[in-house]
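The values are calculated or read from the model by the stated rules, or taken from the named source; none is laboratory data. This is a predicted model, so every value here is computed, not measured. Note that each Cβ is placed from the backbone with ideal geometry, even for glycine, and that neighbours are counted across all protein chains shown. With ligands, DNA and RNA removed, areas are computed over all heavy atoms of the protein, side chains included. Shrake-Rupley method; radii C 1.70, N 1.55, O 1.52, S 1.80 Å.
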Amino acid sequence: MLFRSEAPQEWRSHSPVDRNASRPLDAQFFGTLDRLRARVNAWHARNIADKQALIAAAQQLTTATDTSRAIDEAKRLQAQWKATGPVPHAQSQSLWEQFRGLCNAVFERRQQEYAQQAATLEQAKARAEALCEQIEQACQEGPADRPSGQAKLREWQDAFHALGELPRNDSRNLGERYQRAMSRYDRQIAGLAQRHAEAADANAVAAARHVRAYQRAVIRNDADREALKSAAEAFIAGVPRWPKKAILQALRQSLARAESPEFTQTDDAAREQALRELCIRAEILSGATTPPADVALRRDQEMQLLRQGIGQARQADDRAWEAMRIEWLGLGAAEPAVHDELERRFMECLRQRGR
């Protein structure tokens, strides 16, 4: 400040003067300077204290857990710093560098967090892409079976949910890619289950034909009856999956009854009649058309169903259809051409019921 250096110099420039005359004036002048210096020093001391308090506050912000709040507070402290008064030059630069360094450390934390968040998002994106590629590759190979396929779906769902947040620009595309792959694999599992069900149904039909071949050999007393029986037993034993255990039991029981007196004493007409009646009942309940030759039998069946309280509804639940299917497999073999035609009609009724 000017009074610290220039004022004394200017005072001394007004000379020469009588020493005795100037002594009281000198005392008054320099006393005034001393009082001014004391007031300035006190002002500087207060300013230094204010700046040191701001430095202490900035120091605390460097360890604050809420970075966004710490940054807002650092900006507020910077505005307060500008509002504080000056300090001696010797201390000014040192105090400013301390304060600026602490504020910069707070601001750098945000940049570090941004960088870390960006890295975390990129890692999640890489994991999501790898997961999608894994599912897509699994779709190329197809599920081995339903249980393992469903287990993989659950595993992939858990893995995708564990990814956390994805980059905003990639989140939608990756989510859609994941859903497409999962849906495709899920459809493959459903298709696999359908193929297994169809194969099981086909095995049941084939096994029934083996049993009928043996039954016809028993009826005719053919020499190869034992060979046909062994073939039927071997086929049944080799089937890996049955639609229902009750179907397997019905086939085994039908095979075992083939040589019973009850079976051998029943004529073809009676066996055919039992098959035809069950076939027509299935046509009634499924709404299928009955061939003209069996229309009279159908009318009789419809009257019976009406008396039983079933005919008006013209429907049966899944358990009733399963019972009819098992009953069909347990019926004795009729003449092959007749049996095959009636079975075709009966199976068509089952298909119409979505079985």
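Accessible area per residue for the chain, computed on protein heavy atoms with a 1.4 Å probe, is 62 Å². Shape of the range 148-264 from the C-alpha gyration tensor: prolate (a/c of 1.5 or more and a/b above b/c, with a ≥ b ≥ c the square roots of its eigenvalues). Taking all protein chains together and rolling a 1.4 Å probe, D318 ends up with roughly 110 Å² accessible.
Computed about the Cα centre, the dipole magnitude for the chain is approximately 1640 debye when only Lys and Arg (+1) and Asp and Glu (-1) carry charge, each at its Cβ.
Working note: 222 nm ellipticity from helices only, DSSP H runs with n ≥ 4, each -39,500 (n - 2.57), summed and divided by the residues of the chain, gives -28000 deg cm²/dmol to the nearest 500. Measuring nothing but protein heavy atoms, the accessible surface of the range 207-352 at 1.4 Å probe radius is 50 percent carbon and sulfur. Largest first, the residues F263, F107, F346 sort by 1.4 Å accessible area into F107, F263, F346. Just checking the listed ones, R146, R184, R168: in the Gaussian network model of the chain with Cα springs under 10 Å, the one fluctuating most is R168. For D294, the solvent-accessible surface computed with a 1.4 Å probe is close to 10 Å², ligands and nucleic acids excluded. Look at the Cα gyration tensor of the range 252-351: its axes a ≥ b ≥ c give a/c of at least 1.5 with a/b over b/c, and that counts as prolate. Using only side-chain charges placed at the Cβ, +1 for Lys and Arg and -1 for Asp and Glu, the dipole size of the range 209-338 relative to its Cα centre rounds to 400 debye. Per residue, the average separation of C-alpha pairs within less than 8 Å and at least 6 apart gives the range 74-201 a relative contact order of 32 percent. A 1.4 Å probe over all protein chains sorts F160, F99 by accessible area into F160, F99, starting with the largest. The range 32-101 and the range 186-216 have Cα centres separated by 88 Å.
Considering only alpha-carbon pairs that sit under 8 angstrom and 6 or more positions apart, the relative contact order computed for the chain is 12 percent. Note on the range 97-206: dipole from Cβ charges, positive end direction compared against N203, V106, C139; the farthest Cα belongs to V106. Couplings for the range 150-162, taken from phi via the Karplus curve 6.51 cos²θ - 1.76 cosθ + 1.60 with θ = phi - 60°, read 5, 5, 5, 4, 5, 4, 5, 4, 4, 5, 5, 5, 7 Hz in order; Gly and Pro are left as x. Summing charges over neighbours of Q123, with a neighbour being any other residue whose Cβ is under 13 Å away from its Cβ, gives -2 when K and R count +1 and D and E count -1.
The accessible-area ordering, largest first, of the residues S286, S254 stands as S286, S254, per a 1.4 angstrom probe.
In terms of its C-alpha gyration tensor, the chain comes out prolate, because a/c is 1.5 or above and the ratio a/b outweighs b/c.
Based on C-alpha pairs under 8 angstrom that are at least 6 apart in sequence, the range 184-294 has a relative contact order of 24 percent. Computed from backbone phi, the HN-Hα couplings of the range 111-117 come to 5, 5, 5, 4, 5, 5, 4 Hz, rounded to whole numbers (Karplus: 6.51 cos²θ - 1.76 cosθ + 1.60, θ = phi - 60°; Gly and Pro given as x). Ligands, DNA and RNA excluded, the heavy atoms of T289 present near 120 Å² of accessible surface to a 1.4 Å solvent probe.
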